[in-house]
Structures are given as structure tokens and as C-alpha cells.
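Participant: Structure incoming, see below.
The values are calculated or read from the model by the stated rules, or taken from the named source; none is laboratory data. Everything quoted here is computed from the prediction, not taken from an experiment. Positions of Cβ are backbone-derived with ideal geometry, glycine not excepted, and every protein chain shown enters the neighbour counts.
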Amino acid sequence: MIKNVVILMGRGIEGCGVTKYTIELAKYLGKKGYIYKILASGDKNWSRKKSHPVDNIELVKFADDSKLEGIVATCNSADVVLINSLPVKNIGNSRGYPEEAIENFKKIIGSITKPIIPIQHDHNNLSIIRNGALEEVLDKCRAVFSHAEDNDFVKFVKNYTNDGNPLMSFFGESRSIPIHTFQPGMYFDEVRKKYWKPVNQIDKRINRWIGRCVTWKGYDPIIKFHKQYLRQAGYCTVLEGIEKSPAFLDFKDKYEFINNTAVDIKDVDLKQHYGEDVMVFNIFNNEELLERMSTTGFGYQLTHLDPSYVKHSIEYTHCEVPSTGTISVFNEKFGKLCIHRKTGNPIIEDDSGTLWLSYDNMPETLEKINKLSNDDVLYDETREKIYEYYKSHQDADAVFDELMNKIGEYA
């Protein structure tokens with residue numbers, strides 16, 4: 001029986017989904033009476049490192065040789081070691097971690113005597129190939145967890161275990177690594193209790209998208225939706241999370257928008273910007289963002305992924321939008337791919353109250369937004385329906401119970 005858990009974060013606190021996952025898993029472990037310790041790399045700074053409160057995560061320098069003995073001892077005192085992320089390799093012009101940090105991380109993995117279970121959050125091969133120490137982890141792990149069963153990571157694992165030759169497995173010259181799927185659990189009620197507002201405190205003229213400056217987060221459809229429909233109808237649309245990365249240069253050339261990336265959003269009165277261009281803001285603090293979302297009429301999460309990357313998992317921003325009490329507007333294509341863990345249906349097919357946006361249904365989506373904006377009772381009933389639906393799909397206790405029960409089979 002697992003009582004003591006160590007979590008290693010080779011990427012450190014990068015402020016995106018893996019950081020949030022670790023925070024929510026730590027809440028679960030503490031609630032369920034586990035003893036746990038989280039060790040995260042302090043070898044590299046990330047622009048979003050202050051996005052979430054991370055008081056219970058200890059930063060360590062994997063490149064520091066003097067730290068290795070203590071890290072290994074901590075891992076070997078646990079019942080199981082979970083690898084939540086791996087250090088990033090230096091490939092081409094892309095800056096990763098110091099080579100000393102990656103090599104020492106490999107040494108740590110090689111010295112761990114307790115069961116190792118990696119939880120892989122990356123979807124595509126471009127990210128997988130940058131995972132430092134991946135082969136060393138696969139050589140020692142008891143099982144792996146992935147968002148889907150046919151994504152690039154699973155293909156890598158299957159190929160790695162038989163060295164690219166299916167006959168190797170037939171002759172028993174390679175081992176098969178058990179592969180399981182997982183979902184990133186979140187405590188919905190905790191967010192609701194802190195942020196949910198009465199309908200009369202919500203500005204239903206505001207549409208708010210949250211994400212990052214990467215195309216698969218789906219900023220293109222919301223910008224086009226606003227330009228063609230929402231602006232003329234007198235709405236204000238806000239994009240939060242568009243950091244000034246190299247991708248921002250292309251973003252800036254492609255779209256017309258009010259550039260507030262150097263402005264503190266707290267200093268902007270959105271009521272003065274109804275019917276104007278999309279307003280674009282920089283990286284956000286998660287707690288402050290959730291407070292703003294809770295007074296927003298419609299919250300947008302428009303991620304689009306390759307079908308092989310999607311099974312049950314929705315992103316944390318998918319969870320946070322309904323938890324704050326706004327109306328969820330999600331990507332129609334994603335809704336057709338993602339399967340609800342309880343109903344077994346693609347989430348777009350269930351009566352969840354979600355608004356589904358595509359390039360083809362923008363007039364109909366505007367009509368629904370107008371209807372909800374003008375009917376407080378319908379708005380309140382709809383957001384309650386949305387909340388209950390996504391809570392039943394990915395609430396932390398349920399999905400982390402499944403995860404730890406499955407891990408228990410290998411520890």
C-alpha cells in the first residue's frame with residue numbers, strides 16, 4: 001500500500017499545465033493522508049513561474065553535484081516516485097537545461113531503487129524529443145501514464161521497447177511497458193467557493209479568452225469571431241496570456257488588436273471598450289485571472305489538438321472557466337473528440353450547456369450569446385448545468401483516485 005510519494009519535476013515550475021497538475025495532485029495527496037514531497041528543478045527560469053502559488057514545491061539545482069545524494073535518499077525513502085516532467089534538452093536554437101542538470105537527473109534516476117512511474121503531459125513528438133532522460137526513465141519505470149493511447153508519446157514508448165523491430169517482442173528480447181491514460185484533476189468546488197458571483201455582478205458584454213501565444217490554443221477563431229460578429233454587436237473581447245515570445249511577432253503581423261501586453265490589466269476599464277478591437281494582454285497570475293473571469297459573461301477555451309492526442313483529458317483552463325461561474329465557449333472540434341468519463345459520449349453530444357464555437361457557426365453562436373445575455377434566469381441555469389457536467393468529468397477526487405489505485409498495482 002502506498003503511503004509515501006515523491007514527485008520529481010525535471011522541468012521545474014514552468015507555470016503551465018504541469019505545474020497546475022502538481023499543485024492539484026498535492027492537494028489530493030494531503031487530503032487523502034499521503035506523505036509526499038515535491039522536488040522541482042531550479043536550473044532554469046520560466047516566464048510563467050509566478051502564475052500559481054507553489055509554496056509546497058521545493059526547488060533544487062539538479063546541476064549541483066552536492067544535492068544528488070540527498071535527492072536520491074529522499075526518493076528511496078518513498079513507496080513510489082512519480083516523474084511529472086523531465087528536463088529539456090538543448091536542440092538547435094532552442095535553449096534547454098544545462099547539460100550538467102540533465103546528466104545528474106539521469107544519475108538520480110539510475111540510483112532510485114523504488115518504483116518509478118512517469119506521467120507524461122506532452123502530446124506531440126516535437127516536445128517528446130526534447131525530454132531529457134526519457135530513455136533512462138523508460139528503462140526503469142514500472143508503467144507510464146499518458147493523455148491518450150495513440151499519441152506520439154505512446155508510439156515512442158512502443159517503438160523504444162522493441163527497438164523499432166516488432167519481432168524483438170516476439171522473441172522476448174524486449175519488455176513491454178504498461179501504458180495507461182490519465183486526466184488532470186481539479187478541485188472544482190474549491191474554485192467555485194472562492195470566485196463564483198451572483199449573475200448581477202457579471203458583465204455579460206465581456207468575452208474573455210485564456211491561453212498562450214501558440215496557435216493550438218485557438219486564438220484565431222476568437223479574434224475572427226469578434227471582428228466579424230461580437231464587435232458589431234457591441235461586445236468587448238479580451239485575450240489574456242499572449243506573452244511576448246518569438247511567436248508574438250507573427251501574431252502582431254497577422255491581426256488587428258489593441259496591444260495591451262505592456263499594460264497592467266487592472267488599470268484598464270473594459271466598460272470603456274465595448275465595440276472596439278480585441279484587447280490583448282500579457283501573462284497572467286492565475287488567481288487574479290480567475291477573479292476577472294468570475295465577472296465575465298463568456299469564457300473561451302478554444303484548444304484544438306490532433307485527434308490522436310485526445311481521449312478524456314480536458315485542460316485546466318477548460319475546468320477553470322465553468323468553475324468561476326461564467327458561460328463556457330469551447331472549440332467544436334475538440335468537443336467531438338473528447339469522451340466524457342461517465343457518459344461515454346463525445347462531450348459535444350451531451351446536454352451540458354456549453355457553447356461550441358467553430359468557423360462555420362459564428363452567427364448561431366452570437367445568437368445564443370445574445371439570448372443568454374438578456375435572460376438572467378437562463379444564464380444562471382446554464383452555468384449551473386455546465387459546472388456540474390465538467391465537475392462530473394474531471395473532479396480531482398475521482399480522477400486521482402483512479403490514478404493512485406492504478407499506480408498501486410505497480411508499487
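Participant: If I go through region 89-142 residue by residue, how many of them are assigned to a loop (DSSP other than H, G, I, E, B) and either closer than 22 Å to residue 154 by Cβ or touching a Gly at 6+ places or on another chain (Cβ under 8 Å) (or both)?
Facilitator: 15
Participant: Please tell me if residue 377 is surrounded by fewer than 16 Cβ atoms within 10 Å (Cβ to Cβ), among the hydrophobic types (A, V, I, L, M, F, W, C) and at pLDDT 95 or above. Spell out how you get there, then give the answer.
Facilitator: Numbers: surrounded by fewer than 16 Cβ atoms within 10 Å (Cβ to Cβ): yes; among the hydrophobic types (A, V, I, L, M, F, W, C): yes; at pLDDT 95 or above: yes.
Taking the combined requirement at face value, the residue satisfies it.
Participant: Which one is farthest from residue 3 (Cα to Cα), of the residues in region 62-88 that are among the small types (Gly, Ala, Ser) and part of a helix (DSSP H, G or I)? Before you say what the answer is, go through the steps one by one.
Facilitator: Quick first cut of region 62-88, residues among the small types (Gly, Ala, Ser) only: 63, 66, 70, 73, 77-78, 85.
In the following step, the residues that additionally are part of a helix (DSSP H, G or I) were identified as 66, 70, 73.
Numbers: 66: 28, 70: 20, 73: 17 Å.
Ranking the candidates gives 66 first.
Participant: Of all residues in region 231-276, how many are under 28 Å from residue 363 (Cβ atoms), of a type in the set (A, V, I, L, M) and touching a Phe, Trp or Tyr at 6+ places or on another chain (Cβ under 9 Å)?
Facilitator: 3
Let's see how each residue does on (1) among the aromatic types (Phe, Trp, Tyr); (2) at pLDDT below 95; (3) closer than 20 Å to residue 213 by Cα; (4) crowded, with 18+ Cβ neighbours inside 10 Å:
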position	(1), (2), (3), (4)
318	no, no, yes, yes
321	no, no, yes, yes
328	no, no, no, yes
338	no, no, no, yes
344	no, no, no, no
356	yes, no, no, yes
362	no, no, no, no
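Participant: Can you tell me which of 343, 317, 382, 365 is polar (S, T, N, Q) and assigned to a loop (DSSP other than H, G, I, E, B)?
Facilitator: 343
Participant: Name the pairs whose Cβ atoms lie under 8 Å apart, with the first residue in region 241-265 and touching a residue at least 60 places away in the same chain (Cβ under 8 Å) and surrounded by 13 or more Cβ atoms within 10 Å (Cβ to Cβ), the second of a type in the set (Val, Ile, Thr) and assigned to a loop (DSSP other than H, G, I, E, B), and 6 or more positions between them or separate chains?
Facilitator: Filtered contacts from region 241-265: 243/261; 243/283.
Participant: Just to check your reading of the model, which residue among 344, 335 is in the same structural domain as residue 232 (by TED's automatic domain parsing) and either closer than 24 Å to residue 380 by Cβ or touching a residue at least 40 places away in the same chain (Cβ under 8 Å) (or both)?
Facilitator: 335
Participant: Just a yes or no: is a residue in region 299-313 closer than 23 Å to residue 224 by Cα, among the polar types (S, T, N, Q) and in contact (Cβ under 8 Å) with a residue 12 or more places away in the chain?
Facilitator: Residues of region 299-313 that are closer than 23 Å to residue 224 by Cα, as a first pass: 299-306.
Okay, now just the ones that are also among the polar types (S, T, N, Q), so 301, 303.
Okay, now just the ones that are also in contact (Cβ under 8 Å) with a residue 12 or more places away in the chain, so 301, 303.
So far as region 299-313 goes, yes, one or more of its residues are closer than 23 Å to residue 224 by Cα, among the polar types (S, T, N, Q) and in contact (Cβ under 8 Å) with a residue 12 or more places away in the chain.
Participant: Okay, next question. Please indicate, with yes or no, whether at least one residue in region 211-233 is within 30 Å of residue 399 (Cβ to Cβ), touching a Leu at 6+ places or on another chain (Cβ under 9 Å), of a type outside the set (A, V, I, L, M, F, W, C) and assigned to a strand (DSSP E or B).
Facilitator: no
Participant: Please state which one of 117, 91 is at pLDDT 95 or above and either in the same structural domain as residue 9 (by TED's automatic domain parsing) or of a type outside the set (Lys, Arg) (or both).
Facilitator: Going through 117, 91 in turn, just one is at pLDDT 95 or above and either in the same structural domain as residue 9 (by TED's automatic domain parsing) or of a type outside the set (Lys, Arg) (or both): 117.
Participant: Hey, can you tell me all the residues within region 60-77 that are of a type in the set (A, V, I, L, M, F, W, C) and surrounded by 14 or more Cβ atoms within 10 Å (Cβ to Cβ)?
Facilitator: Residues satisfying the conditions are 60, 62, 63, 68, 71, 72, 75.
Participant: Just the residues that are among the charged types (D, E, K, R) and either assigned to a strand (DSSP E or B) or touching a helix residue (DSSP H, G or I) at 6+ places or on another chain (Cβ under 7 Å) (or both), please, taken from region 13-26.
Facilitator: 20, 24
Participant: Looking at 403, 355 in this structure, which one is in contact (Cβ under 8 Å) with a residue 24 or more places away in the chain and in contact with a His (Cβ under 9 Å, 6 or more places away or on another chain)?
Facilitator: Of 403, 355, the one residue that is in contact (Cβ under 8 Å) with a residue 24 or more places away in the chain and in contact with a His (Cβ under 9 Å, 6 or more places away or on another chain) is 403.
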